[in-house]
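The values are calculated or read from the model by the stated rules, or taken from the named source; none is laboratory data. These numbers come from a predicted model, not from an experiment. Here the Cβ is made from the backbone with ideal geometry for all residues, glycine too, and neighbour counts use every protein chain on show.
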Amino acid sequence: MYRFLLTPRWWGINVFVVLAIPFCVFMGSWQLGRFEDRVDDHRAADTQAATAREEAARPLAELLPVDQETVNRQATVTGRYDKQLLVPDRDLDERRGFYVLTLLRTDSGEALPVVRGWLPGDADPAKAPAPPSGEVTVTGALQATETPGENGVSARGGLPAGQTAAISAASLVNLVPYDVYDAWLTLNHGDSGMRAVPVSAAQNSGLDMKAFQNLGYTAEWFAFVGFVVFMWFRLLRREVELIRDAELGLAPAEDGVTEDGTAERQGRSPSAV
């Protein structure tokens, strides 16, 4: 009865199944490995953020450029506060508010964006305290430049004057007449009664959307394995039932059984209609 498995048609089906199952298992395992790597990176980033605060602050120049090794490290820099901007739509403890961002001009002529703190409510320049005057030395956690549209950073434009959606050199350089460091600093302690902004994980090192995409692809590949197996058994059962019905004479008159045991549909002549 199962001689049909040796026909060219079924040889093709069987070869496809034999190749498809290990391929899908491999791809699913690879995607799962990618997800696990991101989980490990997320844990490492959390550990680094916790330990970095206990380390001694280092000069800013020693930590640039910002990467996964230097992000969240304690940095110290001296300069004079200059232009102040507000960063709206930033949540803290499930409350909507805004960052108070002030550019710190250094002796090199470049400015370092410094987030002096967070305030609740809508971004209002009247609420933001003025920065200290004269030369100051600030210490805080070094952060990587933000990318609009990622990690909760707003990508909307048309903001009022004195506001910026993302803390990035690409955005800030258009608002000031001097160069801006491709990094920013969040103070360990909020300035002038503001709440300190907590550090954020390095990009591509946490449980972000890409990580959950890997997990979703894992489920899809393994689901496809089940689908291939299910369809093979369904086709097999259908073929066996056709042959059995034909042998018992239960198949329609136009159905027959070939010599190799497979059921096939015979054409009727016009006179048989």
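Summary table below
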quantity	calculated
Unmet criterion (only one of (1) farther than 23 Å from Arg95 by Cβ; (2) in contact (Cβ under 8 Å) with a residue 60 or more places away in the chain; (3) touching a Phe, Trp or Tyr at 6+ places or on another chain (Cβ under 8 Å)) for Gly190	(1)
Selection within segment 68-97 - among the hydroxyl-bearing types (Ser, Thr, Tyr) and in contact with a helix residue (DSSP H, G or I) (Cβ under 8 Å, 6 or more places away or on another chain)	Thr70, Thr76
The lone exception for Ala123 - which of (1) part of a loop (DSSP other than H, G, I, E, B); (2) under 30 Å from the mean Cα position of the chain (by Cα); (3) farther than 18 Å from Met194 by Cα; (4) in contact (Cβ under 8 Å) with a residue 12 or more places away in the chain it fails	(3)
Checklist (1) exposed (fewer than 13 other Cβ atoms within 10 Å of the Cβ); (2) modelled with pLDDT of 90 or more applied to Glu55, failing item	(2)
Residue within segment 147-155 that is out of contact with any strand residue (DSSP E or B) (no Cβ under 6 Å at 6 or more places or on another chain), over 19 Å from Arg195 (Cα atoms) and buried (at least 20 other Cβ atoms within 10 Å of the Cβ) present	no
The one condition in (1) within 16 Å of Leu185 (Cα to Cα); (2) modelled with pLDDT under 95; (3) among the small types (Gly, Ala, Ser) that Ala20 fails to fulfil	(1)
Conditions (1) modelled with pLDDT under 90; (2) more than 23 Å from the chain's Cα centre (by Cα); (3) under 18 Å from Ser200 (Cβ atoms); (4) of a type outside the set (Lys, Arg); number of the one not met by Leu63	(1)
